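Everything on this sheet refers to the single structure shown next.
The values are calculated or read from the model by the stated rules, or taken from the named source; none is laboratory data. In this text, all values refer to a predicted model and were calculated from it rather than measured experimentally. Backbone-built Cβ (ideal geometry, glycine too); neighbour counts: all protein chains shown. The accessibility values were calculated without ligands, DNA or RNA, using every heavy atom of the protein model including side chains. Shrake-Rupley method; radii C 1.70, N 1.55, O 1.52, S 1.80 Å.
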Amino acid sequence: MKLQLHHWLLALAVSILVACGGGGGGDRAAGVEPGPVAPGGSVPPPTPDLPAPNPAPYAETEDLVVFINEVTIGEDGHVVVEFQLSNSQNTAILDLTEDDIRLIVAKLQGSELGNLTGTWQSYINRIEQPGVGIGTESKLQATAESNGDFTNNNDGSYVYKFATSITDLPQDILDQAEAEGLDLSYEPARTHRVAMQFSNSPTTANPFYDWVPESGATDGIFRMDIAATPNCNNCHDKLAFHGGGRTEVEYCVTCHNAGSTDANSTNTVDMKVMIHKIHMGANLPSVQDGGEYAIYGFRDTKHDYSNLKYPQDIRRCENCHAGTSTGAGRDDLVLTDQGDNWAEYSSRAVCGSCHENVDFEKHAGGQPDDSGCASCHSASGFVGSIEDSH
């Protein structure tokens, strides 16, 4: 009996040795990598190649981490975005769908104030028809899209190709832009931005990617960085609009620029005008004269800011946008590259957002554009510096 058991154990050992490639055949079977060494130095048996598990389902992930790796523009004008998605533990998210994302692409146009100023203009737009309110004319509005070609590489990386060709925009969009004096032409030498919105999960993300298409440069380029989201969150905690999916200033400005107007109220939704007016609210000259300040949003929903009262002095401009000069000594603020612009560059749009009763066609002899503002509104000008005026 003992002899039989000895022979059986010997045969078992030989079979295991052969199966593992023993006798000079290597330390593993062909095509199977060794597993991690367990305590005591033993090696667990290899496991077959199986599909990678997905321990971070998108619909349950509360901490999205998104990296836009590259953005390119094809000869056909379609923008291609390559990005990867994981949670904060670096676990890849494999089940994102095209229904979970929206994207927009915009260019940073210059202005007559100089090369440290500018405004974003979206290439992705729609025409809004007035249905309620006082508006009677169609207006162009920036928007985002989600109907492009979506590719899931099944490893946490994805590709989205815009449905819109930014070099061959629809004719009705071009006609509407021309009627409003807007330039939607593709300008590859300017800074461009792709921004994204993620929906259908417990949290959201608004990653963005800035680059100059002509050179491909992503560093050392002008970005027009005026307001920092953390500064907004000092009061809003946290900034979240349009259903809560838009939480970052860098995403907001790609839509809320001078090329977007609410057709129902006739008010611009340009960030630098709209936000000032909202914060002025009840103190707007037009409201104090018996009018209202309202914006119509999704499904023509009216948002009336006429009774809004800012909880501090409206002239504390640096609480929202601050640079190395205007934010000096403030540890509670995030300083931005163009955060001092409010104190250095005056414009009809920004000044007129609060000082609504100024007629710029007559102001100081008439101001057809912003080029002459600094002759009076500056440290050496007749009126003095903008910062001192506030």
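Selection of segment 175-195 for residues being under 16 Å from Gln109 (Cβ atoms) and open to solvent by 30 Å² or more (accessible area, probe 1.4 Å) yields Glu178, Glu180, Gly181, Leu182, Asp183, Ser185, Tyr186, Glu187, Pro188, Ala189, Arg190. Residues in segment 111-137 that are of a type outside the set (Phe, Trp, Tyr), buried (at least 19 other Cβ atoms within 10 Å of the Cβ) and modelled with pLDDT of 95 or more: Gln121, Ser122, Ile124, Asn125, Glu128, Gly135. In segment 263-273, the residue that is most open to solvent (accessible area, probe 1.4 Å) out of those that are out of contact with any strand residue (DSSP E or B) (no Cβ under 7 Å at 6 or more places or on another chain) and not β-branched (Val, Ile, Thr) is Lys272.
Quick check on this structure: which one of Ala144, Ala106 is out of contact with any Phe, Trp or Tyr (no Cβ under 8 Å at 6 or more places or on another chain), modelled with pLDDT of 95 or more and not β-branched (Val, Ile, Thr)? Testing whether each residue is out of contact with any Phe, Trp or Tyr (no Cβ under 8 Å at 6 or more places or on another chain), modelled with pLDDT of 95 or more and not β-branched (Val, Ile, Thr) leaves just Ala144.
Looking at Leu103, Leu108, Leu140, just one residue is open to solvent by less than 20 Å² (accessible area, probe 1.4 Å) and either in contact with a Lys or Arg (Cβ under 6 Å, 6 or more places away or on another chain) or of a type in the set (Asp, Glu) (or both), and that residue is Leu108. Determine whether Lys272 is at pLDDT below 95, within 23 Å of Cys232 (Cα to Cα) and part of a loop (DSSP other than H, G, I, E, B). Against the criterion (at pLDDT below 95, within 23 Å of Cys232 (Cα to Cα) and part of a loop (DSSP other than H, G, I, E, B)), Lys272 does not qualify.
Restricting attention to segment 339-370, the residues being under 27 Å from the mean Cα position of the chain (by Cα) and either among the hydroxyl-bearing types (Ser, Thr, Tyr) or within 19 Å of Met274 (Cα to Cα) (or both) number 14.
Here segment 69-100 is the region considered, the condition is being hydroxyl-bearing (Ser, Thr, Tyr) and in contact with a strand residue (DSSP E or B) (Cβ under 7 Å, 6 or more places away or on another chain), and the residue that is least open to solvent (accessible area, probe 1.4 Å) is Ser86.
Looking at segment 114-122, can you tell me whether even one residue there is closer than 26 Å to Ser265 by Cα, in a strand (DSSP E or B), small (Gly, Ala, Ser) and in contact with a Gly (Cβ under 7 Å, 6 or more places away or on another chain)? Yes, some residue in segment 114-122 is closer than 26 Å to Ser265 by Cα, in a strand (DSSP E or B), small (Gly, Ala, Ser) and in contact with a Gly (Cβ under 7 Å, 6 or more places away or on another chain). For segment 62-90, the set of residues classified as hydroxyl-bearing (Ser, Thr, Tyr) and at pLDDT 95 or above consists of Thr72, Ser86, listed by residue number. Condition first: among the acidic types (Asp, Glu), part of a loop (DSSP other than H, G, I, E, B) and either in contact with a strand residue (DSSP E or B) (Cβ under 9 Å, 6 or more places away or on another chain) or in contact (Cβ under 8 Å) with a residue 12 or more places away in the chain (or both). Now tell me which residues in segment 203-247 satisfy that. Selection gives Glu214, Asp225.
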